[in-house]
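I'd like to ask some things about the structure below.
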Amino acid sequence: MLTMLKGKTDGRYFEIGAADPFKGSNTALLEKLGWTGQSVEILEHEVEKFRKLRKNPIIHADATQLDYSEILSGHYDYLQVDCEPPTISLKILKMLPWDTCTFGVTTFEHDHYADVSRKIRKESRDFLSSKGYVLVAPNIAPDNKSAYEDWWVHPDHVDLEILERMKIESENALNAEKYMLFL
């Protein structure tokens, strides 16, 4: 993600489904690099940890009950949507104010490896594509088989040369660590 944004150190993020403030966090490093942002988390014990250990604010709420048009506006460099189950993530994705807000890089957790309906990944892809986003890294996985997340970019907010270099066409599960180290 940082590669897509040329190692930016003063970005802005919005994180939906923060969970632990550090373990598995996509935004802890960004915060260390000087990014500002805001997170949303439903679990009170995670929110308490976050408030003690992180500097950027967190909203303790059910992400499906927020009015995002009151919270989000303008451009954000990074958006994370990662709630459980993935049907909730998809619902939230569709609630965001796409007319007044853009995101340079978006990670969307579809949990395809565990999605019995096999619909969330396709629906999220159709939706983000319809908003002008480009799928860069499909089916990111912690291993070589459990596809759980897609990485997207908005072509107006990233370097197109880097986009082409990082774009993966394969639908095979893509080990996140190997993908990031390959580049």
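Do any residues in segment 136-164 that are at positive phi have Cβ atoms under 9 Å from those of residues that are open to solvent by 70 Å² or more (accessible area, probe 1.4 Å) and outside any loop (DSSP other than H, G, I, E, B), where the two are at least six apart or on different chains, and which pairs are they?
What qualifies is N139/Y113.
Here's the yes/no breakdown for (1) touching a residue at least 12 places away in the same chain (Cβ under 8 Å); (2) out of contact with any strand residue (DSSP E or B) (no Cβ under 8 Å at 6 or more places or on another chain); (3) buried (at least 18 other Cβ atoms within 10 Å of the Cβ); (4) closer than 13 Å to F14 by Cα:
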residue: T64; (1), (2), (3), (4): yes, yes, no, no
residue: I71; (1), (2), (3), (4): yes, no, no, yes
residue: Q80; (1), (2), (3), (4): yes, no, yes, yes
residue: D99; (1), (2), (3), (4): no, yes, no, no
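Another question, if that's okay. Going through segment 16-47 one residue at a time, which ones are in contact with a strand residue (DSSP E or B) (Cβ under 7 Å, 6 or more places away or on another chain) and at pLDDT below 95?
N26
Please enumerate the residues belonging to segment 25-34 that are exposed (fewer than 14 other Cβ atoms within 10 Å of the Cβ) and either aliphatic (A, V, I, L, M) or in a helix (DSSP H, G or I) (or both).
L29, K32, L33
Do we find that G104 is surrounded by fewer than 14 Cβ atoms within 10 Å (Cβ to Cβ) and touching a His at 6+ places or on another chain (Cβ under 8 Å) in this structure?
In short, no.
Okay, moving on. What's the number of the condition L96 fails, among (1) over 17 Å from G17 (Cα atoms); (2) at pLDDT 95 or above?
With respect to (1) over 17 Å from G17 (Cα atoms); (2) at pLDDT 95 or above, L96 is out only on (1).
Another question, then. Please go through segment 35-61 and pick out each residue that is open to solvent by 60 Å² or more (accessible area, probe 1.4 Å) and either of a type outside the set (S, T, Y) or free of Cβ contacts under 8 Å to residues at least 24 places away in the same chain (or both).
I42, L43, E44, H45, E48, K49, R51, K52, L53, K55, P57, H60
Then there is this: When you look at H112, is it more than 25 Å from L5 (Cα to Cα) and in contact with a strand residue (DSSP E or B) (Cβ under 8 Å, 6 or more places away or on another chain), yes or no?
Yes: the conditions hold for H112.
Take the residues of segment 124-153 that are open to solvent by less than 20 Å² (accessible area, probe 1.4 Å) and in a loop (DSSP other than H, G, I, E, B): which is modelled with the highest pLDDT?
Y133
Turning to a different aspect of this structure: Return the total of residues in segment 67-89 being within 18 Å of E109 (Cβ to Cβ) and either in a helix (DSSP H, G or I) or more than 17 Å from the chain's Cα centre (by Cα) (or both).
Residues meeting the conditions: 5.
Hey, another quick one. Let me spell it out: the conditions are (1) part of a loop (DSSP other than H, G, I, E, B); (2) open to solvent by less than 30 Å² (accessible area, probe 1.4 Å), and I92 meets all of them except one. Which number is the exception?
Among (1) part of a loop (DSSP other than H, G, I, E, B); (2) open to solvent by less than 30 Å² (accessible area, probe 1.4 Å), the lone unmet condition for I92 is (1).
The values are calculated or read from the model by the stated rules, or taken from the named source; none is laboratory data. Model, not experiment: these values are computed from the prediction. Cβ sites come from the backbone with ideal geometry, for glycine too, and all protein chains shown count toward neighbours. Surface accessibility is based on the protein's heavy atoms, side chains included, excluding ligands, DNA and RNA. Shrake-Rupley method; radii C 1.70, N 1.55, O 1.52, S 1.80 Å.
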